[in-house]
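Working notes for the structure below.
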Amino acid sequence: MIEETVPHARGESNRTPAGRTASRTVAVWDLPLRLWHWALAACVLAAWFTPTIYDGLHRIIGYTVLGLVAFRLVWGLWGSRYSRFRMVGVRLRAAPNYLWNLRRGITGRYIGLNPAGTLMLVALLVSLAVSTISGAMSVTVTFFGVWWVEDTHHYSSDAVIVLVVLHVLGVLMMGRLQGENLISAMITGRKRIRHHS
């Protein structure tokens, strides 16, 4: 199991009196990442309800999502500590064992994304990229009406919705298992860190 340690502020003791639990918060998700997350959530939701009804709006949303995916790839290289992709490979390798241990309620403690969250991030970015690129292709002269482009867009878009539902359920489950509000953390950018004596 991989754990990230939380550095203590200068002069702060990491000891707590016997039988007591100390908690504090630490900055995890930076503002650009949080804005990206909620903008992407709004765009995916809007994209689901606009095809064939509001085609022009659907197309604009698709290009916006493509831009957001591109931003996330850039931010994964140059963003703040927990935004970067430096641990993606390690976390993906740990994901099968992590998911297996979740059956028994073993979650570990991660400041940034846990292995399941990392797997979800990669799956969402890939399916969003496929959905938006195939969607953009389907409105070009070359690929308009081509069956495999339309099918790719249709199925990858469905995959995005399935992954979003799993993501929300996973966040709620992990919040319950770990006793922390992960939705609030993605709003404020801070997570509560507990130290047991």
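Remarks
- Candidates Gly170, Gly189: the one that is closer than 17 Å to Trp38 by Cβ and touching a helix residue (DSSP H, G or I) at 6+ places or on another chain (Cβ under 7 Å) is Gly189.
- Apart from one condition, Thr52 fits all of (1) in a helix (DSSP H, G or I); (2) more than 26 Å from Ser184 (Cβ to Cβ); the exception is (1).
Yes/no matrix, rows are residues, columns are (1) without any contact (Cβ under 8 Å) to a residue 60 or more places away in the chain; (2) out of contact with any strand residue (DSSP E or B) (no Cβ under 7 Å at 6 or more places or on another chain):
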| site | (1), (2) |
| --- | --- |
| Arg24 | no, no |
| Val28 | no, no |
| Leu31 | no, yes |
| Arg34 | no, yes |
| Ala39 | yes, yes |
| Ala46 | yes, yes |
| Ile53 | yes, yes |
| Gly56 | yes, yes |
| Val65 | no, yes |
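- The residues listed here are Arg93, Arg86; of these, the one that is open to solvent by 30 Å² or more (accessible area, probe 1.4 Å), under 28 Å from Ile193 (Cβ atoms) and not in a helix (DSSP H, G or I) is Arg86.
- Only residues that are open to solvent by 50 Å² or more (accessible area, probe 1.4 Å) and under 24 Å from Leu45 (Cα atoms) were counted in segment 165-183, giving 9.
- Inter-residue pairs, beta-carbon under 6 Å, first closer than 16 Å to Gly117 by Cα and in segment 77-92, second in a helix (DSSP H, G or I) and open to solvent by 30 Å² or more (accessible area, probe 1.4 Å), 6+ apart: Ser83/Trp75
- Residue match in segment 100-115 (condition: open to solvent by less than 20 Å² (accessible area, probe 1.4 Å), touching a residue at least 60 places away in the same chain (Cβ under 8 Å) and in a helix (DSSP H, G or I)): yes
- When segment 56-67 is limited to residues that are of a type in the set (A, V, I, L, M) and within 14 Å of Ala136 (Cβ to Cβ), the one that is most open to solvent (accessible area, probe 1.4 Å) turns out to be Ile60.
- Residue within segment 51-68 that is modelled with pLDDT under 95, charged (D, E, K, R), more than 15 Å from the chain's Cα centre (by Cα) and under 25 Å from Asp158 (Cβ atoms) present: yes
- Residue pairs meeting the criteria (Cβ under 6 Å; at least 6 apart or on separate chains; first open to solvent by 40 Å² or more (accessible area, probe 1.4 Å), in segment 124-149; second not in a helix (DSSP H, G or I)): Met137/Phe143
- Applying the set (1) open to solvent by less than 90 Å² (accessible area, probe 1.4 Å); (2) in a loop (DSSP other than H, G, I, E, B) to Ala70 leaves exactly one unmet item: (2).
- Residues that are surrounded by 17 or more Cβ atoms within 10 Å (Cβ to Cβ) and either among the hydroxyl-bearing types (Ser, Thr, Tyr) or not in a helix (DSSP H, G or I) (or both) within segment 73-83 comprise Gly79, Tyr82, Ser83, listed in sequence order.
The values are calculated or read from the model by the stated rules, or taken from the named source; none is laboratory data. In this text the structure is predicted, and so the values were computed from the model without any measurement. Quick reminder, even Gly has a Cβ in these numbers, built from the backbone with ideal geometry, and neighbours come from all protein chains shown. With ligands, DNA and RNA removed, areas are computed over all heavy atoms of the protein, side chains included. Shrake-Rupley method; radii C 1.70, N 1.55, O 1.52, S 1.80 Å.
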